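> One structure coming up, written as structure tokens, with questions to follow.
Nothing in this text is a laboratory measurement; each read-out follows from the coordinates by a stated rule. On a predicted model such as this, the values are computed, not experimentally measured, just so you know. Cβ atoms come from the backbone with ideal geometry, glycine included; neighbour counts cover every protein chain shown.
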Number of protein chains: 2
Amino acid sequence: MTDTITRKRRSGGRSGHAVRRGSSVIEQLPWSLPVNIDRPTEPLSPEGVQRIHDTAMVILEEIGIEFLNPKAVQILRDAGCIVNGENVRMDREFVMEWVRKTPPSFTITPRNPERQITVGDGHILFGNVSSPPSYWDMEVGRKVPGTREMCRNFLKLSQYFNCIHFVGGYPVEPVDIHASVRHLDVLYDKLTLTDKVAHAYSLGKERVEDVMEMVRIAGGLSHAEFDASPRMYTNINSTSPLKHDYPMMDGWMRCAARGQGCIVTPFTLAGAMAPVTMAGAVAQSLAEGLSAIVLAQIIRPGAPCAIGTFTSNVDMKSGAPAFGTPEYMRATQMTGQLARFYGLPLRSSGVCAANVPDAQAMWETEHSLWAAIQSGTNMVYHAAGWLEGGLIASPEKFVMDCEVIQQMIRYMDPAICDVSDDGLGLEAIREVGSNGHFFGTKHTQERYTTAFYQPFLSDWKNYEAWEVAGSVWTAERAHVMYKAILEEFEAPPMDAAIHEELLAFVERRKAEGGAPTDF
Amino acid sequence: MTDTITRKRRSGGRSGHAVRRGSSVIEQLPWSLPVNIDRPTEPLSPEGVQRIHDTAMVILEEIGIEFLNPKAVQILRDAGCIVNGENVRMDREFVMEWVRKTPPSFTITPRNPERQITVGDGHILFGNVSSPPSYWDMEVGRKVPGTREMCRNFLKLSQYFNCIHFVGGYPVEPVDIHASVRHLDVLYDKLTLTDKVAHAYSLGKERVEDVMEMVRIAGGLSHAEFDASPRMYTNINSTSPLKHDYPMMDGWMRCAARGQGCIVTPFTLAGAMAPVTMAGAVAQSLAEGLSAIVLAQIIRPGAPCAIGTFTSNVDMKSGAPAFGTPEYMRATQMTGQLARFYGLPLRSSGVCAANVPDAQAMWETEHSLWAAIQSGTNMVYHAAGWLEGGLIASPEKFVMDCEVIQQMIRYMDPAICDVSDDGLGLEAIREVGSNGHFFGTKHTQERYTTAFYQPFLSDWKNYEAWEVAGSVWTAERAHVMYKAILEEFEAPPMDAAIHEELLAFVERRKAEGGAPTDF
């Protein structure tokens, strides 16, 4: 664990600017919170939006959602919902009244305040892959269970790449750590290896409370300071169709009560857990998500919430989930239209069904990432490292995805479309005329090194030069690169006293037995 | 040449419907002319559009374009342009007056009228890779010069895939055929192996005239019928900056005079043949393109023209061209805005810099294809099979690209976003409630086989099943698939007398020596 010990900020005037770390391996874009400047793609007419909204409302009014958490049921009953056992119904005026209390955007501030993110407000932010139980890399050459070491490596990559704005759940599930204390070890690793926004799984009270406490300690915050504004977030999935389970609701309510980021993402696979038609699947997903957001707003009006979409389709031959499909893209765009209708920040994902980091992996991932852009998504989960429908995390895929994400960030730079006199370059055109080239002009020379995006992984050599360099395909190049990055990785600095306190907390909670594993 | 001999239409009621050919290898989408239902992405404000237009007009008014073709110069001089040697200047009123004569859309009708395409009118159509001098496939394993056999194989793939709407230039340059007769052999192959819209290179009078004659013969048309509406098309590139060369202009004028499709695509590499700033590169590209369209309209008012964009950037390290970059995407979108401003159909491309059909190839190609969609492109050149900046044609890449194109065609199907009662499926949601799944519902059962796009190349198996099936990466699967398609390929039927006439024409022109090769 030598790379997680407390380090002094390096000399050289860069203190606080962790963005240049590791620049000896690759040149990357600086840390920034990109703004999505594209108008969203909107497949639905205003009437279409209204019809999906109406359907979601009828689901909530007439069919209801099951909340398998008595406390949640009680809160909703007290607020005026119609409760029938675990089934909770609420009318549309009630839903809209509470949903409207959600802020249209919110910040989340991790232990390094320079890594603060704004969810909403036109931003599109990217996070690492979360929760695969398995790992694949080119050296191992097969699918193997995740370990703490693998998990730590992904955390390092998540910290290293400036295009990764927040650190989602376990980038790979470290099954070599007992489930009762897994959250303690991984959060310790996450909070020491990264200084970016962290996530807590809502899997029972102990896990959420432990993570909130560790984030508080890592931030050097009092309890009041922690509660005052979002410092971390949770993401819950409903148990589609139309159900919220106990532990997810428990964590959700705890995070809402303390004003931490609350993201609800139904996993509505059309034809399986939702209607086979995409508009129906989207409506159901919205009903499930909105019911959780209503609960959060009742608990703490103004609680920072976002709605997520994970609506996709299945393979008609096998029933297996598919990702990055045409149907997935349109469902994401439709959800984006409805998220704007409700005034809610949106979460979607960077996903694929491919098993290895090959061509298919990238066309599916590209489709999901473009859907994120087209839908006005604010938080892109799983944006780096995801394979096999989320069952595999791969470091090669992580590096490849970061190349693509960087290109999308650059794509959002309005400077590309500069139509000032400088951008039009008429004088350079006049100077060169019909007989010459622009390499040597002052206009080119002044801009040459900054005019274009420079990739770190794409190989733009011609075939012959590429062949001389070893004929290395992209996945292999990504493999070499991730190893080099890990080799040079330096953990972000952490105050020694805080580190001490964090370690002591982990030790104490381990001694207490951690969290129950019978959920 | 056994597969190009005249065949009788197969029995079974499918006569004329070549779309199902080869369906025993893969299930593919039927032939259709997809309509791009997405609103274009518009990075420029109306003022930005005006500023780029103004710059293009100043280029035409004050700087001028060199036409290295005396006949073109004479026509432009006679129409009122200011001529100074080969430099031709024209004022903006003049430009706009002629450009406005271009039809906003036009059809091109190949020998099989069921393969007629409409360029413009909201359609997005895809063509095969054109003009790479070299070939790569997984079996050869290296870059080799193109041959007639390779070229024929790509023509078969172009015919086979319903998502390929038109057959561009030589899909690989068959350098084993002497340049003087290459156009005769390849056009013979193209017209017998495919029944889709064909292209003529504007490389001197003989080539264009020969191709027009062969297309006329293959279509069983009189000269008057051929001249009456577009039956094929040419694509010319200007010699950027600001120059049109002799043979391109010669072919351009011949095609315009006979009312065939005329597409002009400047290759304005920012920082090399155009300003390093994208808006300037776009303005220069437009000036070059518009000058050719003006010429075509003077020759034949209402001539079917489209404007192409091939504006990209170079690698800042090596000066090599790059494709599918963020700058490329924005340049394509900006050109789309200007094409709509001028009322012209737009051509762009599916391109990449990658040398092999790997992950990079697909993210770059995806970027260029999304730019085509976002820009409102009507004809997507090079959409299948392109590698190494257009220097390599690859059959594996061809098959991979067709998978992606099919997904984009399905993406444009408004049925995905059906918000009718059927699409919303409220009754199914009510029926399943919180405890069950949708697999067994009537709503699902009735739609299960048609609800979702079914890929032919994507592998959606889970890892374990994929491993049992041999752990085959996408490029390898594409390799097996292209071989199987070629194995089963059947050429579209051609009337025996027409075939005879076509052969006789080729023989005669070969005996006459073909075309000069000293251009």
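> What share of all Cα pairs of the protein assembly as shown, in percent, falls into each consecutive 10 Å distance bin?
2, 11, 20, 23, 19, 13, 8, 3, 1, 0
> Ok, one more. So how far, in whole Å, is the C-alpha centre of region A:168-217 from the one of region B:295-316?
Cα centroid to Cα centroid, the span is 57 Å.
> Per residue, how big is the convex hull of chain A when only Cα atoms are used? Give it in Å³.
Dividing the Cα hull volume of chain A by its residue count gives 176 Å³.
> For region A:375-501, with only Lys/Arg (+1) and Asp/Glu (-1) charged at the beta-carbon, what is the dipole magnitude about the Cα centre, in debye rounded to 20?
Dipole size: approximately 500 debye.
> Here is a further query. Let me know the charge dipole size of the protein assembly as shown about its Cα centre in debye, to the nearest 20, where only the beta-carbon of Lys, Arg (+1) and Asp, Glu (-1) is charged.
Dipole size: approximately 420 debye.
> A follow-up question, please. Could you work out how far apart the two model spin labels at residue B:341 and residue A:92 are, taking each label as a point 7 Å from the Cα in the direction of the beta carbon, and quote it in nm?
4.3
> Nm distances between the label at residue A:341 and the same-position labels in the remaining copies, 7 Å along Cα→Cβ, shortest first?
Computed spacing set for this position: 3.6 nm.
> Continuing with the same structure: Give me the three principal axis extents of region B:209-337 from the C-alpha atoms, as integers in angstrom, largest value leading.
For region B:209-337, the Cα spread along each principal axis is 54, 27, 27 Å.
> Evaluate the relative contact order of region A:380-519 (contact order divided by residue number), counting alpha-carbon pairs under 8 angstrom at least 6 apart; express in whole percent.
Relative CO of region A:380-519 lands at 24 percent.
> Here is a follow-up. Could you pull out every one of the aspartates and glutamates with an alpha carbon less than 14 Å from that of residue B:243, ignoring same-chain neighbours closer than 8 positions?
Answer for residue B:243, where 14 Å is the Cα cut-off: B:66, B:86, B:288, listed by chain and number.
> Now for a different question. Using the Cβ atoms and a cut-off under 14 Å, what net charge is assigned to the surroundings of residue B:294, where Lys and Arg are +1 and Asp and Glu are -1?
Every neighbour counted, the sum reads 0.
> OK, next. Give the calculated FRET efficiency between residue B:490 and residue B:469 to the nearest 0.05, with a Förster radius of 25 Å applied to their Cβ-Cβ distance.
E between residue B:490 and residue B:469, to the nearest 0.05, is 0.30.
> Among the aspartates and glutamates, select those whose C-alpha is under 13 Å from the C-alpha of residue B:196, and discard any that sit fewer than 8 residues away in the same chain.
B:114
> Let me ask something additional. When only DSSP loop residues count, what GluC sites (Glu not before Pro) in region A:417-511 have their Cβ near at most 15 other Cβ atoms within 10 Å?
The qualifying sites are A:490.
> Oh, and also: Round to a whole angstrom and tell me the spacing of the C-alpha centers of region A:219-251 and region A:106-162.
Going from one Cα centre to the other spans 19 Å.
> Please give me, ordered by residue number, the GluC sites (Glu not before Pro) of region A:111-206 that lie in loop per DSSP and have at most 14 other Cβ atoms within 10 Å.
Answer in residue order: A:139.
> Label-to-label distances across copies for residue B:476, with labels 7 Å out along Cα→Cβ, in nm, shortest first?
Its label point is 1.4 nm from the equivalent points in the other copies.
> Would you pull out the residues with amide H under 5 Å of residue A:268's amide H, same chain only if 5 or more places away, H placed 1.01 Å from N?
A:310, A:311, A:312
> Evaluate the relative contact order of chain B (contact order divided by residue number), counting alpha-carbon pairs under 8 angstrom at least 6 apart; express in whole percent.
20
> Let me ask something additional. Give, as ranges by residue number, the residues of region A:284-326 whose backbone N falls under 11 Å from the point 7 Å along Cα→Cβ of residue B:420.
none
> Still on this structure: What distance in nm separates the two pseudo spin-label positions at residue A:427 and residue A:317, each 7 Å out from Cα along the beta-carbon direction?
Computed distance between label sites residue A:427 and residue A:317 equals 6.2 nm.
> Taking only DSSP H segments of four or more residues, each worth -39500 (n - 2.57), what value at 222 nm results for chain A once the sum is divided by all its residues, to the nearest 500 deg cm²/dmol?
Mean residue ellipticity at 222 nm (helix-derived): -13000 deg cm²/dmol.
> Determine the alpha carbon to alpha carbon distance for each of A:442/B:317; B:143/B:461; B:205/B:483; A:143/B:143; B:461/B:483; B:205/B:510 and list only those over 27 Å.
Listed pairs above 27 Å: B:143/B:461; B:205/B:483; A:143/B:143.
> Still on this structure, I have one more. Label residue A:45 and residue B:442 with points 7 Å out from Cα along Cα→Cβ: what is the distance between them in nm?
2.8
> Let me ask another. For peptide B:321-328, how many partner chain Cβ atoms fall within 10 Å of a residue's Cβ, on average?
6
> Regarding region A:241-289, what are the three Cα extents along the principal axes, ordered largest first, in Å?
Reported extents, whole Å, longest axis first: 38, 18, 12.
> A further question on this structure: How far is residue A:445 from the same spot in each other copy, in nm, shortest first, if each label point sits 7 Å from Cα toward Cβ?
7.7
> Counting only trypsin sites (Lys or Arg not before Pro) that sit in a DSSP loop (anything but H, G, I, E, B) with at most 14 other Cβ atoms within 10 Å, what is the longest stretch of chain A containing none of them?
A:318-519
> With a ≥ b ≥ c the root eigenvalues of the C-alpha gyration tensor of region A:396-502, is it rounded (a/c under 1.5), prolate (a/b larger than b/c) or oblate?
oblate
> Something else about it: Add +1 for every Lys or Arg and -1 for every Asp or Glu among the other residues with Cβ under 13 Å from the Cβ of residue A:62, and state the total.
Summing Lys/Arg as +1 and Asp/Glu as -1 gives -2.
> Another question about this same structure. Relative to the Cα centre, what is the charge dipole magnitude of chain A, using +1 at the beta carbon of each Lys and Arg, -1 at the beta carbon of each Asp and Glu, and rounding to the nearest 20 debye?
That gives a dipole near 840 debye.
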